[in-house]
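Colleague: Handing you a structure now.
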Amino acid sequence: MGNMATQTQFHVLAVDDSLIDRKLIERLLKTSSYQVTAVDSGSKALEFLGLNGENEDEERNSSVESVSAADEDHQVGVNLIITDYCMPGMTGYDLLRKIKQSSSFKDIPVVIMSSENIPSRINRCLEDGAEEFFLKPVKLSDVNKLRPHLMKGITTKTEMQSNSNKRKGSEEIQSPDRTRPRYNELEVV
Amino acid sequence: MERNPMRRQLASLRKSLFDQGYLDEQFMELEQLQDDANPNFVEEVVTLYYRDSARLILNLDHALERRPLDFSKLDGLMHQFKGSSSSIGAKKVKAESTLFREYCKYGNAEGCMRTFQQLKKEYATLRKKLETYFQLARQIGPMESANRPK
């Protein structure tokens, strides 16, 4: 469809090592009129964002030429990240942690998908900053739940604090600081 | 019109795939993602599934020849197979892969091998039926197949 210059679509970064699931999530997201970039690993996702595990400032300067979402308004490239949990190498959880530890990207909503219904896994992801946890196979009804998280990004972007406590899940989880006190920069795993 | 009997045949074939438990509602989710702009979406996904499955079956066959069996590796491979089967709604294949993983969990070699043979049979049957189904759908034409009853 032809986009008018002023109309920007939400851009979702989808991460899944399964080719079939990538095709599926891409179609689901496009059906909902999102722009989609699909990659097959956590490291490729970080690369796309311009985070390669090194100092963020260096990365931002050096990645001007590379294919990445990083530009002067670094958050505008990607509005939401949806990632599979079980992936070889970097898991979706590892990716979630890296995103949340990044000063540039920690406010991007992250959604985790998994074929396995393991409550401790789900809770851990939600506690560590995931907005939603979808059981695979992901359906259109799941993707419809993304919109509020994307809309939140637009209205509160300028007001967003580093300690926004939006959380799914019914438990009162009072972690003192959602961003773990350890890191301001990325750590190479 | 000649196409009507074929449409009925297609609908009947489709219904039997669900009634006989080869496919579950996830396949319907795929159908809902198919439209005029993406008229072959379901078949495209299923074709990817065949390719992916061929690779996994080959790897599983090889892994099952090793002595002793590496149950962790077998489980990892079957986890992938289960995932993709689940994503297209391949109900019986998914059930066999779940069973296989149970046997892996308990280190039951015979159970694994028996279940894998059964899984391959189910997969072959499903593939044959789906190939027939899509062949017929293609003959009928994109306009008609987009109007399939849900």
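The values are calculated or read from the model by the stated rules, or taken from the named source; none is laboratory data. Small disclaimer: the values here were computed from a predicted structure and weren't measured. Don't worry about glycine lacking a Cβ; one is built from the backbone with ideal geometry, like all the others, and counts go over all protein chains shown. Please note that ligands, DNA and RNA were not included when accessible areas were found on the heavy atoms of the full protein model with its side chains. Shrake-Rupley method; radii C 1.70, N 1.55, O 1.52, S 1.80 Å.
Colleague: Specify which of the listed residues (B:Ala63, B:Ala95, B:Ala109, B:Ala37) is more than 17 Å from A:Asp21 (Cα to Cα) and modelled with pLDDT under 95. Step through it out loud before you land on a result.
Modeller: On the way: B:Ala63 fails: modelled with pLDDT under 95; B:Ala95 fails: modelled with pLDDT under 95; B:Ala109 fails: modelled with pLDDT under 95.
One residue alone meets the criteria, B:Ala37.
Colleague: Taking interchain pairs and intrachain pairs at least six residues apart, which have beta carbon atoms under 6 angstrom, with the first residue in region A:90-118 and within 14 Å of chain B (Cβ to nearest Cβ) and the second open to solvent by less than 20 Å² (accessible area, probe 1.4 Å) and among the hydrophobic types (A, V, I, L, M, F, W, C)?
Modeller: So the pair list comes out as A:Gly92/A:Ile112; A:Met113/A:Phe134; A:Met113/A:Val138.
Colleague: Give, as residue ranges, the helices (runs of 4 or more DSSP H) completely inside region B:51-150 that count at least 1 residues that are farther than 24 Å from B:Ser12 by Cβ. So that I can check it myself, show each step before the final result.
Modeller: On the way: elements: B:71-88, B:91-105, B:109-140, B:142-146.
Where helices (runs of 4 or more DSSP H) fall fully within region B:51-150 and carry at least 1 residues being farther than 24 Å from B:Ser12 by Cβ, they are B:71-88, B:91-105, B:109-140.
Colleague: Sticking with this structure for a sec: Could you tell me which of the residues A:Arg178, A:Arg167 is modelled with pLDDT under 95, under 16 Å from A:Leu80 (Cα atoms) and surrounded by 14 or more Cβ atoms within 10 Å (Cβ to Cβ)?
Modeller: Values: A:Arg178 fails: under 16 Å from A:Leu80 (Cα atoms).
On inspection, the qualifying residue turns out to be A:Arg167.
Colleague: Just one of (1) more than 9 Å from every other protein chain (Cβ to nearest Cβ); (2) part of a helix (DSSP H, G or I); (3) surrounded by 15 or more Cβ atoms within 10 Å (Cβ to Cβ) trips up B:Glu29, so point out which.
Modeller: With (1) more than 9 Å from every other protein chain (Cβ to nearest Cβ); (2) part of a helix (DSSP H, G or I); (3) surrounded by 15 or more Cβ atoms within 10 Å (Cβ to Cβ) applied to B:Glu29, the lone miss is (1).
Colleague: Residues of region A:119-147 being open to solvent by 40 Å² or more (accessible area, probe 1.4 Å) and either within 14 Å of chain B (Cβ to nearest Cβ) or of a type in the set (D, E, K, R) (or both), which ones? Spell out how you get there, then give the answer.
Modeller: Keep residues of region A:119-147 that are open to solvent by 40 Å² or more (accessible area, probe 1.4 Å), which gives A:119-120, A:123-124, A:127, A:135, A:139-141, A:144-145, A:147.
Matches in region A:119-147: A:Arg124, A:Glu127, A:Leu135, A:Lys139, A:Leu140, A:Ser141, A:Asn144, A:Lys145, A:Arg147.
Colleague: Could you list, in sequence order, the residues of region A:11-54 that are without any contact (Cβ under 8 Å) to a residue 24 or more places away in the chain and either more than 22 Å from A:Phe105 (Cα to Cα) or within 14 Å of chain B (Cβ to nearest Cβ) (or both)?
Modeller: A:Leu19, A:Ile20, A:Arg22, A:Lys23, A:Glu26, A:Arg27, A:Lys30
Colleague: Next up: Give region A:13-33 a look and list any residue that's over 15 Å from B:Gln32 (Cα atoms) and open to solvent by less than 10 Å² (accessible area, probe 1.4 Å), or say none.
Modeller: Hits for region A:13-33 are A:Leu13, A:Ala14, A:Val15, A:Asp16, A:Ile20.
Colleague: Moving on to the next point. Please work out which residue is most open to solvent (accessible area, probe 1.4 Å), limiting yourself to region B:32-48 and to residues that are in contact (Cβ under 8 Å) with a residue 12 or more places away in the chain, more than 8 Å from every other protein chain (Cβ to nearest Cβ) and part of a helix (DSSP H, G or I).
Modeller: B:Glu43
Colleague: Moving to a separate point now. Select from region B:17-26 the residues that are under 14 Å from the mean Cα position of the chain (by Cα) and open to solvent by 60 Å² or more (accessible area, probe 1.4 Å) and write down the one among them that is farthest from the other protein chains (Cβ to nearest Cβ). Don't jump to the end; show me each part of the working.
Modeller: Filtering region B:17-26 for residues under 14 Å from the mean Cα position of the chain (by Cα) gives B:17-18, B:20-26.
Remaining after also requiring open to solvent by 60 Å² or more (accessible area, probe 1.4 Å): B:20, B:25.
Numbers: B:Gln20: 21, B:Glu25: 9 Å.
Ranking the qualifying residues of region B:17-26, first place goes to B:Gln20.
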